[in-house]
Amino acid sequence: MRYLIAGNWKMNGSTASARDLAAAIAAQHAGAKADVVLCPPAPLLAAVGATLAGSTIRLGAQDCHFNEKGAHTGDISAWLLLDLGCTHVIVGHSERRADHGETDGQVKAKATAAMKAGLIPIVCVGETEAQREKGETAAVIARQVRGSLPDGASPETVVIAYEPVWAIGTGKTATTADIAAVHGQIQQLCGPKPPRILYGGSVKGSNAAAILATPGVSGALVGGASLDAADFWRIVEACPPVSA
Ligand code: 13P
């Protein structure tokens, strides 16, 4: 399977700046070495989707609700995201787990709803610095993977992202040995046909080649560097060739 590079724009940008960034990224889509998804803030999905029309770059959201519709003020359903042109949705990002108290059970319900709607959920897992220092990384990852993945997850329907919380937005990245260990563990937890597993946490053009060449890594979930079209493309270009 091809690598997947997803840009998580988080809570950044305006309609005008998002259009400019999407256009600058889409301008280079021809012959991309990986699948590319951009995840702008929800109010900018329509504008970014319109800008990406005609390119191979896909649209993703940063969260969804687990119900199809109803009395859930401020929430957005996976079906509405599909209607807006999304193909992917991030669920269980550590910032949502921390800021909104999202549990593994809620993340699983969101991922399940995304799959039912026909979207590919990008299910995020990752340990905090305190958990890593206490030697709890493997236990935390096992609990999150078992608790957050939808039933029947397959490489075609789900993507997993391993994002150590302490590496997000800090400039610190896990060593390639640490990344290989956790990705290997997640693959084992998923059985014989594991989904693609992205690494996230301070990925940028200058460190992408080493990270993407690490065993078990099949792409990246990129925060800060995805707001710079040139650096984002350096990451896409760093993807190793994939044999069919
Ligand atoms: P940074 O690339 O800014 O560290 O963010 C990673 C992330 O959280 C992507 O979802």
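Only the coordinates and a few stated rules stand behind these numbers; no lab work does. None of these values were measured; they are calculated from a predicted model. Glycine gets a Cβ as well: all are built from the backbone with ideal geometry, and neighbour counts include every protein chain shown.
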Simple label model, 7 Å out from Cα along Cβ direction - A130 to A209, nm | 4.0
What are the ³J(HN,Hα) values, in whole Hz, obtained from phi via the Karplus relation 6.51 cos²θ - 1.76 cosθ + 1.60 with θ = phi - 60°, for each residue of region 89-105 in sequence order, with x given for Gly and Pro?
-> 8, 6, 10, x, 4, 4, 5, 6, 4, 7, 6, 10, x, 5, 9, 4, x
For region 82-158, what does the alpha-carbon gyration tensor say about shape, rounded, prolate or oblate, given a ≥ b ≥ c as the root eigenvalues, a/c under 1.5 as rounded, and a/b over b/c as prolate?
-> prolate
Enumerate the lysines that K172 could reach by cross-link, defined here as Cα to Cα under 18 Å, with residues fewer than 8 away along the same chain left out.
-> K204
Would you grab the residues whose amide H sits under 5 Å from the one on H65? Only those 5+ places off in sequence or on another chain, please, with H modelled 1.01 Å from N.
-> I76, S77, A78
Sorted by chain and then number, the residues having a modelled amide H within less than 5 Å of the amide H of V89, at least 5 places away or on another chain, are A61, I120, I122
Measure out, as a whole number of angstrom, how far apart the alpha-carbon centroids of region 133-149 and region 22-43 sit.
-> 31
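Taking Cα pairs under 8 Å and at least six residues apart, what relative contact order does region 1-81 come out at, in percent? Could the numbers behind the result be given before it?
On the way: 112 pairs, mean separation 23.9, N = 81.
Relative contact order, region 1-81: 30 percent.
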Along the charge dipole of region 1-133, which of G7, Q131, H93 sits closest to the positive end, that is, farthest toward it, with unit charges on the beta carbon of Lys, Arg, Asp and Glu (+1, +1, -1, -1)?
-> G7
Treating cross-link reach as a plain straight distance, find the lysines whose alpha-carbon is under 16 Å from the alpha-carbon of K110, omitting any fewer than eight places away in the same chain.
-> K69
When only Cα pairs under 8 Å and 6 or more residues apart are kept, what is the percent relative contact order across the chain?
-> 21
Taking only the Cα positions of the chain, the convex hull volume per residue in Å³ is 116
Could you give me the ³J(HN,Hα) list for region 139-153, computed from phi with Karplus coefficients 6.51, -1.76, 1.60 and θ = phi - 60°, whole Hz, x at Gly and Pro?
-> 5, 5, 5, 4, 5, 5, 5, 5, x, 9, 6, x, 5, x, 4
Could you tally the net charge around P164, taking each other residue with its Cβ under 10 Å from the Cβ of P164, Lys/Arg +1 and Asp/Glu -1?
-> -2
Computed lengthening from S17 to K172, 0.36 nm per intervening residue step minus Cα-Cα distance = 53.1 nm
Along region 31-41, Karplus-curve 3J(HN,Hα) (6.51, -1.76, 1.60; θ = phi - 60°) to the nearest Hz, with x for Gly and Pro, reads x, 4, 7, 8, 6, 10, 10, 10, 10, x, x
Region 179-236: C-alpha gyration tensor shape, a/c 1.5 cut-off, then a/b vs b/c = prolate
The answer for R58, listing residues at least 5 apart or on another chain whose modeled amide H is closer than 5 Å to its amide H, is V36, V37, L38
Determine which lysines satisfy two conditions relative to K108: a Cα distance under 17 Å, and not lying fewer than 8 residues away in the same chain.
-> K116
